[in-house]
1. Over 31 Å between C-alpha atoms is what I'm after, so list which of Lys324/Lys424; Lys368/Lys517; Lys75/Lys278; Lys209/Lys278 land there.
2. Determine, from the Cβ-Cβ distance of Asp629 and Asp274 and an R0 of 60 Å, the FRET efficiency 1/(1 + (r/R0)^6), rounded to the nearest 0.05.
3. What order, most packed first, do the peptides 500-507, 414-421 have when packing is the mean number of other Cβ atoms within 10 Å of each residue?
4. Per residue, how much accessible area does the stretch 388-482 show when a 1.4 Å probe rolls over the protein heavy atoms, in square angstrom?
5. What whole number of Å gives the distance from the Cα centroid of the stretch 400-451 to the Cα centroid of the stretch 355-378?
6. For a protection proxy built on the mean count of beta-carbon atoms within 10 angstrom, sort 553-564, 372-383 highest first, please.
7. What order do Asp494, Asp426 take when sorted by accessible area (1.4 Å probe), most exposed first?
8. Tell me what the chain gives for mean residue ellipticity at 222 nm when only DSSP H runs of n ≥ 4 count, each as -39,500 (n - 2.57), the sum divided by the residue total, rounded to 500 deg cm²/dmol.
Amino acid sequence: MKGYKASDGPGVTRRAFLKNAGAGLVAAELAGASPAKGKPAPASAGVHFTPPGGLTQLSSNLYLLRDTCNVYVLKDGNRALLIDFGSGHVLNLLGQIGVSRVDAILHTHHHRDQCQGDSRAAAERIPIVVPEHERYLFEDAENFWRNRRIFELYYVKNDFFTMTQNVPVAGVLRDYDTYRWGPYELMIYPTPGHTLGSVSLVGAVDGKKVAFTGDLIHSPGKVVNLFELQYNYGSTDGVDYAVFSLTRLQEQGPELVCPSHGEPFSQPEPGITDLIHKLKGWYAAYAPESTLTVDNKPYAVTPHLVASYQTTSSSYALISDSGKALFVDYGSASGNFCSTYIAATSVHDRMGFVEHTLDALRAGYGLKSVDVAMPSHMHDDHLNGFPHLVRHHGTRVWCYENMVDVLQNPRGYNLGCILGEPIKIDRAFRNGDTFRWEEFEFQVFHSPGHTEYQMVLFSTIDGARVAFTGDAFFPRGDGTLRHNLIFRNWVENDSHVKSIRTILEHEPNIVAPGHGKPFLSNKADLEGLKARLEDQQKYFFDVIADRDCDFGLNPSWVRLYPYQLQAKAGSSAALELRVRNYRSNPMHLQAALVVPAGWKAAPEVLELTVSPKGDASGGFSVAIPENWDRAKPRVALAADIMADGQYLGQIAEGVADVQFSS
Ligand SMILES: [Zn+2]
Ligand SMILES: [Zn+2]
Ligand SMILES: [Zn+2]
């Protein structure tokens, strides 16, 4: 349904819109009442009843219809913007208030009661605009239903309240952006809780600061239900989100709150405070051992180094005397904000993000700007906030050289924990590079193991030699160190050992790890870990059949790039086969692409010679037929491999996302 055009887009003139789509509205306007008797307005397929009441005027340009949800009408002359849509009955009434054209419907979230009339809006060519992270629950609702687990149910979130049929989406409400329409500017805030992708729209209407909050709050001190606030089995995760979102809403200081259920209420401050208080009480009563994200606080490790360790990954702010900061990592607001977001993210989206910690750094630690952000490694839990920093705080991103392409072209790779949004890199460093930022000196080294794409960063801060080690290792609590091993992250037999040797060599005083609090470095503990990592390396050789054991550690030694190809139907796209040869001899490799019936790949057989312990790549071109089936927008591809006369079969693969012109 990608080809949907907005009513004022190309191909649909205003005249045609009024003639074809808005005729019912014009008639209603002329009659000054509901559409003529005997000619019921076309209803949505999913709508069987009519709400009893009519429009209520809240202020000069703001109206409310109590439908399956509250439908708000924002008026600008004879045009209107609708916030949520319910059954769509509102279209029958707009003529009464002199509205002849609806420019768009903005949805606060994807629940059926908010949008069950949307197919009528689509038929009348009214653009439907939805929260960015719930887009797939509108335009791809049918796919959601095909894939939603019902047996063995532990993700108990009531996303079962999703539409039963696809709805065309004309645009998205992107978190922290502004939606401009006529004289109105609505700020879009992510307000997870009732649903994870919910947004609240805040802006001036008729001289008042109004917040359209969906189902974040029902009425002063009340939510519409508690079951929407549980995502994972037995948890209080959604309560944590709601408290966070209500706290942010309160900081906005709205003068009128317009909820999706319940009545609009003025001077909302005490009602929001009351709800936060009650939800905090419920949270503490039900899960006394848990902490709320909103209570996370950074602390100063040294005067210039501030750590946030309760965020999902630890985030470090090195704050110069000038007030500029260099961040090492900036991920999700808490573990809860990371893990549940991932579960609720579609395969084409990136996980959601809410801004956190910056206020506390400004208020308590003299932060004026986030000048630079550096990822310790390429994992989403460590850099989920980077695109937000770039977009809204003008932050530059610097990183270790081998992360550049992973971050700029995330579709290229199939590695653990890739953030599904490209991040533009402003500066890259090589192994051993030194650099200066403000009054601080740094040295960067490659630090593989946890992932090939990780650095260790050393700096002397307030007299202490600090090592930012990412996820190379973590304190166990009993003084010893632990590490982890994820084969999908590109691990070779000596990766971990290389990393610990580099860190030992530079004798840090303080280790700032990727998870948990910074700790004083103890050489004996580091040596203890080194011994275990050398032992680990012996196991690799012992247990893996191939004497070049890296073939048994790295599933991507032969791989397709990009892993997630994107191409238009009727076009050709370039695909690369990339190989690392772990043998001590040259490797002769033949590869043929396996594509869906009707697709063409060239050359038929690609021949490569890869030098010992070296890398090589070769190119394919893949042609996608013009008339490719729209019901198959994503397909799998594979590469059939013969290496040194041995037939290995289809050991490499990727996917192709086919794009269709309207
Ligand atoms: Zn709802
Ligand atoms: Zn991590
Ligand atoms: Zn990691």
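The values are calculated or read from the model by the stated rules, or taken from the named source; none is laboratory data. These numbers were taken from a predicted model, which means no experiment stands behind them. All Cβ positions, even for glycine, are placed from backbone atoms using ideal geometry, and neighbour counts span all protein chains on display. We work out accessible area using only protein heavy atoms, side chains counted, and drop any ligands, DNA or RNA first. Shrake-Rupley method; radii C 1.70, N 1.55, O 1.52, S 1.80 Å.
1. Going by Cα-Cα distance, Lys75/Lys278 fall outside the 31 Å limit.
2. 0.65
3. Output ranking for 500-507, 414-421: 414-421, 500-507.
4. 38
5. Each part reduced to its Cα centre gives a spacing of 18 Å.
6. Most protected by this proxy first, the peptides run 372-383, 553-564.
7. Asp426, Asp494
8. -5500 deg cm²/dmol
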